[in-house]
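Enquirer: Here it is, the structure in full.
Only the coordinates and a few stated rules stand behind these numbers; no lab work does. Every value quoted in this text rests on a predicted model; they were computed, and no experiment measured them. Here the Cβ positions follow ideal geometry from the backbone for every residue, glycine too, while neighbour counts run over all protein chains shown.
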Amino acid sequence: MADRATLGQWLESQTTGTQDGEVLAKGLAAFADGVVRIASLVRQGPLAPGSNPQAPLSTVIKDGANAIALEAAQAAPVAHYASRHTEDVLTLDASAPLAMAINTMNGLENLDVNACCGSIVSVYRRADSPEASFLRPGREQLAAGYSMYGPSTTLVLTLGRGAAVFTLDAQTSTFVLVNPELRTPEDADTFAINAANYRHWESPVRAYIDDCFEGIEGPHYKDFRMRWLGALVPETHRILTQGGIFLCPRDHRPGHETGSLPRMFDAAPIAMLAEQCGGAATDGANRILDTVPRSLHARAPLVFGSRKKVAKVQRYHESPDFIPDQAPLFGVRGLFRS
């Protein structure tokens, strides 16, 4: 392991001589320190402090992870701190240069069955007010990343110049660089979507998935595999490393008309990572990184993955062929229809 760079060394190489470089390195290092502590908490499972038969494990781990993440941000040059699990932005140090948004525990339900979960982070320059630090286009992110708590603890980061992958060395509590340039394969046969919501999807999404199920005889000329891990972080890691496409579209269910994922905490950082790995990310009609959340916890649709596949989904949304009142044959399509 001596010939592998540590996270600290990588951060120094990426930030030396750049604007905000020193404070950005400190902020991400503090986040990584928090990840080490959260990983330890997750590994304890039902043995974690505060666990008891009456309290769901997911609640205990979430509360512990929230406390750890806040402590990590307080140790960093962070002025404004936003958490997926709190209502308002916290001001930690009004004179500090950074703003940090964290989804401390993505995939909470997976904890109860000992499956993968993760944390997502997004970093901006501090703005004049707490909310203004975050209600801005995703392209203004200085950095984004996620950690995944699974058989090993993985950390993926981008500072806007590609993305790198790190693995936690549990013996030294140090993140070690294992892939300095993560690239998403373009030609893959996997799509990820929650097919249980098929009846609620809009016509373009149904049409795209129907055509995937047509396989090699359909318009995509490929036999596909469907995967659904039930949590954004592990889905993201699989898509970025193995290729394919992830879809979490808006649908007709009450509360899901504008999407299901928090735009600021989930969609924007994952979109930045997807693009930095050579892929793309859209809400179906627009590039995610060009959109602005209307509120701190506003929801968004998210489609990301291999660039050509994302472009194809966007064409389905733009084509009149997949709008029901303009495509009378659409009603007979769909392998899920009885």
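Enquirer: Which peptide among 159-170, 23-34, 211-222 comes first, and what is the full order, when sorted by highest mean count of other Cβ atoms within 10 Å?
Expert: Descending packing order for the listed peptides: 23-34, 159-170, 211-222.
Enquirer: What span do the alpha-carbon atoms of the range 40-145 cover on each of the three principal axes, reported in whole Å from largest to smallest?
Expert: Reported extents, whole Å, longest axis first: 46, 24, 22.
Enquirer: Right, next: Placing +1 at every Lys and Arg Cβ and -1 at every Asp and Glu Cβ, with all other atoms neutral, what dipole size does the range 7-179 have around its Cα centre, in debye to the nearest 20?
Expert: 280
Enquirer: Hey, what did the chain get for relative contact order, percent, Cα under 8 Å, at least 6 apart?
Expert: 15
Enquirer: Sticking with this one: Excluding same-chain pairs closer than 8 in sequence, count the lysine pairs in the chain whose Cα atoms lie under 25 Å apart.
Expert: Taking the Cα cut-off of 25 Å, the pair count is 4.
Enquirer: Also: Please report the relative contact order for the range 1-134, taking Cα pairs under 8 Å with a sequence separation of at least 6, and give it as a percent rounded to a whole number.
Expert: Contact order relative to length: 19 percent.
Enquirer: While we're looking at this one, here's another question. Sticking with the crude label model, points 7 Å out along Cα→Cβ, report the distance from ALA285 to HIS85 in nm, one decimal please.
Expert: 3.5
Enquirer: When a footprinting reagent is the concern and you count Cβ atoms within 10 Å, what order do SER119, SER58, SER152 take, fewest first?
Expert: Ranked by crowding around the Cβ, least crowded first: SER152, SER58, SER119.
Enquirer: Which number comes out as Rg/Rh for the range 109-162 once both Rg and the Kirkwood Rh are worked out on C-alpha atoms?
Expert: Answer for the range 109-162: 1.12.
Enquirer: What number comes out for the charge environment of ALA280, summing +1 per Lys or Arg and -1 per Asp or Glu over other residues with Cβ under 14 Å away?
Expert: Computed value for this residue: +4.
Enquirer: I would also like to ask the following. Contour minus end-to-end for VAL178 and GLU109, with contour as 0.36 nm per residue of separation and end-to-end as the Cα-Cα distance?
Expert: Extra length from VAL178 to GLU109 when fully extended: 22.0 nm.
Enquirer: Suppose we keep just the DSSP beta bridges with both residues in the range 190-332; what percent of those would be antiparallel, to 5?
Expert: 70
Enquirer: Rounded, prolate or oblate for the range 201-267? Axes are the square roots of the Cα gyration tensor eigenvalues, ordered a ≥ b ≥ c, and the cut-off for rounded is a/c under 1.5.
Expert: Because a/c hits 1.5 or more and a/b fails to exceed b/c, the range 201-267 counts as oblate.
Enquirer: Ok, one more. Efficiency by 1/(1 + (r/R0)^6): what FRET value for ALA132 and ASP3, r their Cβ-Cβ distance, R0 = 45 Å, to the nearest 0.05?
Expert: The computed FRET efficiency comes out at 0.50.
Enquirer: If you take the charge dipole of the chain about its Cα centre, with +1 on Lys and Arg Cβ and -1 on Asp and Glu Cβ, which of GLY118, LEU142, SER173 is farthest toward its positive end?
Expert: It is GLY118.
Enquirer: With each pseudo-label sitting 7 Å past Cα toward Cβ, what's the ALA55-SER13 distance in nm, one decimal?
Expert: Distance between label points: 4.2 nm.
Enquirer: Sticking with this structure for a sec: Which whole-percent values make up P(r) of the range 30-85 when all C-alpha to C-alpha distances are grouped in 10 Å steps starting at zero?
Expert: P(r) for the range 30-85, in whole percents per bin: 24, 49, 23, 5.
Enquirer: Can you give me the Rg/Rh ratio for the chain, using Cα atoms for both radii and the Kirkwood formula for Rh?
Expert: 0.98
Enquirer: What is the order of SER51, SER13, SER147, fewest Cβ neighbours within 10 Å to most?
Expert: Arranged by neighbour count, lowest to highest, SER51, SER13, SER147 become SER13, SER51, SER147.
Enquirer: For the range 190-332, restrict the atom set to alpha-carbon positions and state the Rg and Dmax in Å.
Expert: When restricted to Cα atoms, the range 190-332 yields Rg and Dmax of 14.5, 44 Å.
Enquirer: Let me ask another. Under unit Cβ charges (Lys, Arg +1; Asp, Glu -1), what dipole magnitude, rounded to 20 debye, does the chain have relative to its Cα centre?
Expert: In debye, rounded to 20, the chain gives about 280.
Enquirer: Please compute, for the alpha-carbon atoms of the range 166-242, the extent along each of the three principal axes and give them in descending order in Å.
Expert: Cα spread of the range 166-242 along its principal axes, largest to smallest: 50, 26, 16 Å.
Enquirer: Right, another one. Determine the principal axes of the Cα atoms in the range 262-325, then give the extent along each, sorted from largest to smallest and rounded to whole angstroms.
Expert: So the extents along the principal axes, rounded to whole Å, are 35, 27, 14.
Enquirer: Of the DSSP beta bridges with both residues in the range 7-179, give the percent that are antiparallel, rounding to the nearest 5.
Expert: If we restrict to bridges inside the range 7-179, about 85 percent are antiparallel.
Enquirer: In whole percent, what relative contact order does the range 190-332 give with Cα contacts below 8 Å and a gap of six or more residues?
Expert: The normalised contact order for the range 190-332 reaches 25 percent.
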